[in-house]
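Step one of this worksheet: look at the structure below.
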Amino acid sequence: QNPKTSAIVKQLLAEGNAGELQKYFGSRMEFGTAGLRAAMGAGISHMNDLTIIQTTQGFCRYLEKNFSDLKKRGVVIGFDARAHHPSGGSSKRFARLAANTFISQGVPVYLFSDITPTPFVPYTVTHLKLCAGIMVTASHNPKQDNGYKVYWENGAQIISPHDKGISQAIEENQEPWPQAWDDKLIDGSLLLHDPYATVNKEYFKDIQKQCFHRNINKETNLKFVHTSVHGVGHKFVQLAFKAFDLNPPFAVPEQKDPDPEFPTVKYPNPEEGKGVLTLSFALAEKDGAKIILANDPDADRLAVAEKQESGEWKVFSGNELGALLGWWIFTCWKNHNRDTCAIKDVYMLSSTVSSKILRAIALKEGFHFEETLTGFKWMGNRAKQLMDQGKAVLFAFEEAIGYMCCPAVLDKDGVSAAVITAEMASFLATRNLSLSQQLKAVYDEYGFHITKASYFICHDPKVIQQLFDNLRNFDGKNTYPKSCGRFKVSGIRDLTTGYDSSQPDQKAVLPTSKSSQMITFTFANGGVATMRTSGTEPKIKYYSELCAPPGNSDVEQLKKELDELVNALEKHFFQPEKNNL
């Protein structure tokens with residue numbers, strides 16, 4: 001019943017454009033553990049009013065089956081500022097339609113009245129003890145995309161088998177219910193609640209438990225620049241600074257207000273590094289700021305850059321900031337916990353494609369480190385399990401600039417990470433240390449961890465399948481590569497098939513998934529490289545790392561060795577010319 005998507009389809013029918021119609025209606029968007037992520041537009045392969053109604057009807061039925069008290073507890077729904085004029089779709093509209101679906105079935109809905117950061121949704125699920133949460137966002141994807149991200153009652157993103165259960169329920173509930181399209185019905189409903197004011201107050205109260213140096217924060221002369229890259233982050237980072245008694249950061253004026261067109265950047269993704277930060281650098285130079293904090297559009301990720309002595313800007317990788325935050329959060333914990341026995345209940349987590357620096361710190365300091373599969377859904381769920389056993393999970397991170405610094409949010413949170421980074425920098429400044437100098441000190445103490453990651457773009461699933469099949473049948477059938485160029489392979493873990501050469505029974509310990517590709521190679525020189533497909537983009541990604549024991553300080557030699565390993569990986573395992581990548 002959306003006049004815009006309806007008109008698009010009628011136009012294609014009038015033109016007899018079978019090719020485009022096939023694209024729109026050939027296959028339904030797949031609902032996975034990341035929920036939905038697709039372009040906004042007409043047809044069942046896109047995000048639009050109809051597919052949101054269908055998805056929510058399925059999700060609602062699935063929740064009814066799993067929670068006898070759903071009508072007492074309810075769900076929370078948040079949204080970012082995305083909008084797509086050609087199809088009339090927007091995050092706010094989708095959130096209202098989803099709310100309408102639940103309310104029509106007598107389920108209470110806590111619908112935010114305004115845009116919020118993604119982490120506010122899992123926070124609200126936990127804080128109000130709700131059954132589930134939905135965040136309508138496509139994070140840092142291109143502007144035409146949108147997404148539908150789902151949290152379970154434990155405050156973490158869903159993992160299997162919930163995705164399959166929800167997906168099946170969507171298939172069974174495709175006919176829109178009688179008043180599905182009429183989102184105005186919710187406005188007078190007694191089942192509609194707005195958690196905006198409460199959550200804004202409580203969240204900033206909770207993150208203050210991670211504020212350890214209020215006096216330094218009040219006095220510091222360090223200046224910060226913040227950009228929200230046309231997304232939702234501006235207001236919330238300003239409030240976080242206030243909560244920590246820090247002077248507010250200078251906001252990049254052209255990027256501080258939400259704009260679904262993302263006019264000043266090619267991609268609204270701070271992971272892309274310097275291109276996204278051009279305006280931030282200019283503002284920092286003008287205002288004499290040393291540090292830049294950049295959130296992605298839904299404020300769950302954080303990139304950090306620092307001006308070096310040379311006048312150059314260094315953008316920290318996700319692994320480098322993970323090393324700094326891990327060191328900082330543990331140091332703060334240690335200074336406030338004099339009881340030496342408590343350390344046996346302390347945990348930190350990171351994903352298997354992230355740097356192993358936390359492992360090195362844990363070994364030396366005596367706390368626990370665990371790695372999980374890629375993505376915060378795994379870290380959030382594992383953190384909750386550990387916390388339920390009385391453990392303290394201090395920190396979790398992944399190399400894709402995602403950090404969980406505060407146990408009140410079991411997902412990545414770019415707002416708390418930004419203000420905790422600012423406090424760390426302010427503290428280090430009182431010791432005349434920069435973030436870069438402290439990073440070197442961390443590596444000096446725990447061993448250098450040099451990482452390099454990148455990706456190839458490939459739009460053809462057949463080519464991707466072939467590339468990984470080739471790796472599994474490299475020297476004849478069912479044999480993995482024994483070397484990569486001059487680098488000898490010493491171990492292989494394939495989380496698609498469940499094979500792990502390092503285990504006595506050759507079975508992988510981490511969960512496996514046949515629907516996504518992921519192989520990790522360990523090399524005789526101490527290098528590790530993982531190749532995997534992306535769940536949300538047409539990419540084959542690789543992540544590589546060389547870990548040196550403490551005391552090996554020839555960083556340039558380590559970098560050169562890793563560069564050569566990566567070149568060999570690209571040439572022999574990816575074969576970009578042959579595979580047209």
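The values are calculated or read from the model by the stated rules, or taken from the named source; none is laboratory data. Everything quoted here is computed from the prediction, not taken from an experiment. Note that each Cβ is placed from the backbone with ideal geometry, even for glycine, and that neighbours are counted across all protein chains shown. Remember, those area values only see protein heavy atoms, side chains included, never the ligands or the DNA or RNA. Shrake-Rupley method; radii C 1.70, N 1.55, O 1.52, S 1.80 Å.
Which one of these is closer than 21 Å to residue 325 by Cα and surrounded by 21 or more Cβ atoms within 10 Å (Cβ to Cβ): 268, 249?
Numbers: 268 fails: closer than 21 Å to residue 325 by Cα.
None of the others qualify; the one that does is 249.
Being open to solvent by 60 Å² or more (accessible area, probe 1.4 Å) and either among the aromatic types (Phe, Trp, Tyr) or touching a helix residue (DSSP H, G or I) at 6+ places or on another chain (Cβ under 8 Å) (or both) narrows it down to one of 552, 567, so name that one.
Working: 567 fails: either among the aromatic types (Phe, Trp, Tyr) or touching a helix residue (DSSP H, G or I) at 6+ places or on another chain (Cβ under 8 Å) (or both).
Matching residue, one of 552, 567: 552.
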Exercise. Go through region 114-139 residue by residue and tally those that are open to solvent by 10 Å² or more (accessible area, probe 1.4 Å), out of contact with any helix residue (DSSP H, G or I) (no Cβ under 7 Å at 6 or more places or on another chain) and more than 21 Å from residue 163 (Cα to Cα).
Key: 2
Practice problem: Kindly indicate whether any position in region 287-305 is out of contact with any Pro (no Cβ under 7 Å at 6 or more places or on another chain) and without any contact (Cβ under 8 Å) to a residue 12 or more places away in the chain. | Solution: no
Quiz item: Among (1) more than 22 Å from residue 406 (Cα to Cα); (2) part of a helix (DSSP H, G or I); (3) modelled with pLDDT of 95 or more, where does residue 257 come up short?
Solution: (2)
Self-check item: Single residue of region 340-384 satisfying the filter (without any contact (Cβ under 8 Å) to a residue 40 or more places away in the chain and touching a Gly at 6+ places or on another chain (Cβ under 8 Å)) that is nearest to residue 452 (Cα to Cα)
Solution: 358
Practice problem: Being closer than 24 Å to residue 455 by Cβ, in a loop (DSSP other than H, G, I, E, B) and touching a strand residue (DSSP E or B) at 6+ places or on another chain (Cβ under 6 Å) is the filter here, so list the residues in region 278-319 that pass it. | Solution: 316
Quiz item: Taking residue 34 and the conditions (1) open to solvent by 20 Å² or more (accessible area, probe 1.4 Å); (2) touching a residue at least 40 places away in the same chain (Cβ under 8 Å); (3) out of contact with any Lys or Arg (no Cβ under 8 Å at 6 or more places or on another chain); (4) within 25 Å of residue 151 (Cα to Cα), which numbered condition does it fall short on, given that it satisfies the others?
Solution: (3)
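Specify which of the listed residues (312, 306) is open to solvent by 20 Å² or more (accessible area, probe 1.4 Å), modelled with pLDDT of 95 or more and either of a type in the set (Asp, Glu) or over 29 Å from residue 121 (Cα atoms) (or both). Before you say what the answer is, go through the steps one by one.
Working: 306 fails: open to solvent by 20 Å² or more (accessible area, probe 1.4 Å).
Going through 312, 306 in turn, the sole match is 312.
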Self-check item: Within region 195-241, tally of residues that are farther than 26 Å from residue 128 by Cβ, part of a helix (DSSP H, G or I) and open to solvent by 60 Å² or more (accessible area, probe 1.4 Å)
Solution: 4
Practice problem: Inspect region 105-113 for any residue being at pLDDT 95 or above, surrounded by fewer than 21 Cβ atoms within 10 Å (Cβ to Cβ) and under 27 Å from residue 258 (Cβ atoms) and give the result as yes or no. | Solution: yes
Quiz prompt | Long-range neighbours under 7 Å by Cβ, at least six apart or interchain, first residue assigned by the TED database to the domain that holds residue 251 within region 215-229, second hydroxyl-bearing (Ser, Thr, Tyr) and outside any loop (DSSP other than H, G, I, E, B) | solution = 216/426; 216/430; 217/426; 220/426; 222/426; 225/280; 227/280
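Residue 95: farther than 19 Å from residue 139 by Cα and either in a helix (DSSP H, G or I) or in the same structural domain as residue 147 (by the TED database) (or both), yes or no?
Details: farther than 19 Å from residue 139 by Cα: no; either in a helix (DSSP H, G or I) or in the same structural domain as residue 147 (by the TED database) (or both): yes.
So residue 95 does not fit the description; no.
Here's the yes/no breakdown for (1) over 28 Å from residue 153 (Cβ atoms); (2) touching a residue at least 40 places away in the same chain (Cβ under 8 Å); (3) outside any helix (DSSP H, G or I); (4) touching a Cys at 6+ places or on another chain (Cβ under 6 Å):
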residue: 338; (1), (2), (3), (4): yes, no, yes, no
residue: 386; (1), (2), (3), (4): no, no, no, no
residue: 394; (1), (2), (3), (4): no, yes, yes, no
residue: 406; (1), (2), (3), (4): no, yes, yes, no
residue: 432; (1), (2), (3), (4): yes, no, yes, no
Exercise. Report whether or not residue 441 is among the small types (Gly, Ala, Ser), at pLDDT 95 or above and surrounded by fewer than 22 Cβ atoms within 10 Å (Cβ to Cβ).
Key: yes
Practice problem: Within region 42-82, count every residue that is under 25 Å from the mean Cα position of the chain (by Cα), part of a loop (DSSP other than H, G, I, E, B) and farther than 22 Å from residue 193 by Cα. | Solution: 4
Quiz item: Counting only residues that are surrounded by 15 or more Cβ atoms within 10 Å (Cβ to Cβ) and either assigned to a loop (DSSP other than H, G, I, E, B) or of a type in the set (D, E, K, R) (or both), how many does region 147-173 have?
Solution: 10
